[in-house]
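The values are calculated or read from the model by the stated rules, or taken from the named source; none is laboratory data. A quick note: this is a predicted structure, and the numbers were derived from the prediction, not measured. Note: ideal-geometry Cβ built from the backbone for every residue, glycine included; neighbour counts use all protein chains shown.
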Amino acid sequence: MSKQRRTFNAEDCYSIVQESLRDGHADVSRKYNLSPSLLRRWKQKYLDSGKMAFAIHMCALILNYVP
């Protein structure tokens, strides 16, 4: 049986990144069962572009285009 891929909306990504900045990377990735590398990418996008990074990513997902 294959595992179904989870999707996170922009607000979820933003709040998880905020929590990781506040509570620590390892604890948050374990809490949400996220790959540490995925959380690291989200955090880097946030630090580079702010909250808009997640909105742009979600628009790309809706259009089935992920650069």
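Evaluation of residue 30 against the conditions (1) of a type outside the set (Ser, Thr, Tyr); (2) at pLDDT below 80; (3) not in a loop (DSSP other than H, G, I, E, B) shows that the sole unmet condition is (2).
The residue pairs whose first member lies in region 5-30 and is on the phi < 0 side of the Ramachandran plot, whose second member is of a type in the set (Asp, Glu) and modelled with pLDDT of 85 or more, and whose beta carbons are closer than 7 Å, counting only pairs six or more residues apart or on different chains, are 28/19.
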